């Protein structure tokens, strides 16, 4: 399925033309400028042919980015692994050989690739290949998944590598992509036009695209997202959640929580694992992180400090706290305080 079949206007050669990042025949420059959008990576010629004419256009919208690029030659790209984002690549022409972990696929105009972070990946980009791509920050993706599930994630989201665009789900995804790229190209142009970067619209676009990917592309949370796992938690799980909300500022232990609802610690662990995909103490940690976030967001820079709020909610190791906080909210505690 060709992208231009779905989106005749604008034609692929014009997509995102208002947002150029680079156009170069210098491989080092392409690698350096590409790293600003993606992450550090190795970029080498794949064969004897030294043809190289790389170009990229890219538009950022909150936690997602839209791009179009080509290397204009046979090259290999080796980032080791994607640091903190999921990458969806949809060739308009040519093909790429993509290996992620122990799985390899040939990506072409009918087969997109969805590369998950934290897995070793290499890509071989053939001459004549041009692609559009969508970059999604891991923190944003995980927060949206948590909102759908209603509980915290135990594992990182891991998507199936290949997406067949002639399937029902693939066509649904491409219709959303077609609309978004067309709107990005026409963004703010014409009488009465509304910019995609307007806060209200940008939030809705982010939610729509991420929800579409979570539902259209198989992943390790698909069954739970589609409601195929048990969803009615026992009363004791809900009572513990309510108790944690009311007593999060107290020194709670798993024994305290189990005794409160009259079950064993083992049963409490099992209930949270099965119905919330987490543990009681991890749930307590997430509630406390949210309390810190609210305090920093609503506090005054002169009166509120990150250290004070972290200590208040039981986070004695500030380094671990800062890491967990950024993973949960997509920004550092100090950034939240400044923004508040």
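The values are calculated or read from the model by the stated rules, or taken from the named source; none is laboratory data. The shown structure was predicted, so the numbers you read here are calculated from the model rather than taken from an experiment. Please note: Cβ atoms are built from the backbone with ideal geometry, for glycine as well, and neighbour counts cover all protein chains shown.
Please verify whether residue 278 is outside the structural domain of residue 145 (by TED's automatic domain parsing), surrounded by fewer than 19 Cβ atoms within 10 Å (Cβ to Cβ) and not in a loop (DSSP other than H, G, I, E, B), treating the condition exactly as stated.
Judged against the criteria, residue 278 is not a match.
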Quiz prompt | Tally of residues being more than 17 Å from residue 47 (Cα to Cα), in contact with a strand residue (DSSP E or B) (Cβ under 7 Å, 6 or more places away or on another chain) and in a loop (DSSP other than H, G, I, E, B) across region 66-103 | solution = 3
Practice problem: For region 1-12, state whether one or more residues are at pLDDT 90 or above and either buried (at least 16 other Cβ atoms within 10 Å of the Cβ) or touching a strand residue (DSSP E or B) at 6+ places or on another chain (Cβ under 9 Å) (or both). | Solution: no
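Which residue is nearest to the chain's Cα centre (by Cα), if the candidates are limited to region 309-335 and must be part of a loop (DSSP other than H, G, I, E, B) and surrounded by 12 or more Cβ atoms within 10 Å (Cβ to Cβ)? Talk me through it step by step, then tell me what you get.
Kept after step one, since they are part of a loop (DSSP other than H, G, I, E, B), are these residues of region 309-335: 313-317, 330-332.
Applying the additional criterion that residues be surrounded by 12 or more Cβ atoms within 10 Å (Cβ to Cβ) yields 313-315, 330-332.
Numbers: 313: 28, 314: 29, 315: 26, 330: 10, 331: 14, 332: 17 Å.
Only one residue fits best here, namely 330.
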Quiz item: Which of the residues spanning region 42-57 are within 15 Å of residue 29 (Cβ to Cβ) and either assigned to a loop (DSSP other than H, G, I, E, B) or touching a helix residue (DSSP H, G or I) at 6+ places or on another chain (Cβ under 7 Å) (or both)?
Solution: 43, 52, 53, 54, 56
Practice problem: Might you check whether a residue that is in contact with a helix residue (DSSP H, G or I) (Cβ under 6 Å, 6 or more places away or on another chain) and in contact (Cβ under 8 Å) with a residue 60 or more places away in the chain occurs anywhere in region 318-325? | Solution: no
Quiz item: What number of residues in region 284-308 are in contact (Cβ under 8 Å) with a residue 24 or more places away in the chain, within 23 Å of residue 247 (Cβ to Cβ) and either exposed (fewer than 14 other Cβ atoms within 10 Å of the Cβ) or in contact with a helix residue (DSSP H, G or I) (Cβ under 6 Å, 6 or more places away or on another chain) (or both)?
Solution: 8
